[in-house]
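Student: Got a structure for you, written out below as structure tokens; questions coming shortly.
The values are calculated or read from the model by the stated rules, or taken from the named source; none is laboratory data. Quick caveat, the model's predicted, so the values are computed rather than measured. Don't worry about glycine lacking a Cβ; one is built from the backbone with ideal geometry, like all the others, and counts go over all protein chains shown.
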Amino acid sequence: MFAVVDILGQQFKVSENTKYYVPRLKQEPESEVTFDQVLLLSDGKETKVGSPVVKGAKVTAKVLSHLKDDKVIVFKKKRRKGYRKLNGHRQQLTRIEVTQIG
């Protein structure tokens, strides 16, 4: 069984008892979070596609931790002009474990 869920504007294909990295959520670690924006729901035999969401479907997950992704370096340079810029960015993420799809 799997579902396609909209989490903070990004779509994730999730299945039960698996862990995912999603954009930073406001919930505290060890708390439960419910996503009701289920776009597609499949149990292997039957597939339900929402327009835009599947009515009555929800995905429950447990927040495991908050962390930062690896650093991404942004380097800009214009030749022969003496212009160089170095910038870094680390994305804020939340690790969740999907406990129930229903």
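Student: Evaluate region 6-17: report whether one residue or more is modelled with pLDDT of 95 or more, under 15 Å from residue 100 (Cβ atoms) and either in a loop (DSSP other than H, G, I, E, B) or in contact with a helix residue (DSSP H, G or I) (Cβ under 6 Å, 6 or more places away or on another chain) (or both).
Tutor: yes
Student: Next question, about the same structure. Among the numbered conditions (1) of a type outside the set (Gly, Ala, Ser); (2) surrounded by 10 or more Cβ atoms within 10 Å (Cβ to Cβ); (3) over 15 Å from the mean Cα position of the chain (by Cα); (4) in a strand (DSSP E or B), tell me where residue 54 comes up short.
Tutor: Single failed check for residue 54: (4).
Student: How do the pairs read when you match residues in region 52-72 that are within 15 Å of residue 41 (Cβ to Cβ) with residues anywhere that are of a type in the set (Asp, Glu) and surrounded by 13 or more Cβ atoms within 10 Å (Cβ to Cβ), using Cβ under 6 Å and keeping only pairs 6 or more apart or on different chains?
Tutor: Filtered contacts from region 52-72: 58/36.
Student: Of the residues 98, 63, 74, which single one is loosely packed, with under 10 Cβ neighbours inside 10 Å, in a strand (DSSP E or B), of a type in the set (Val, Ile, Thr) and out of contact with any helix residue (DSSP H, G or I) (no Cβ under 9 Å at 6 or more places or on another chain)?
Tutor: Working: 98 fails: loosely packed, with under 10 Cβ neighbours inside 10 Å; 63 fails: loosely packed, with under 10 Cβ neighbours inside 10 Å.
From the options 98, 63, 74, the qualifying one is 74.
Student: Could you list, in sequence order, all residues of region 58-78 that are of a type in the set (D, E, K, R) and under 17 Å from residue 12 (Cβ atoms)?
Tutor: 58, 62, 69
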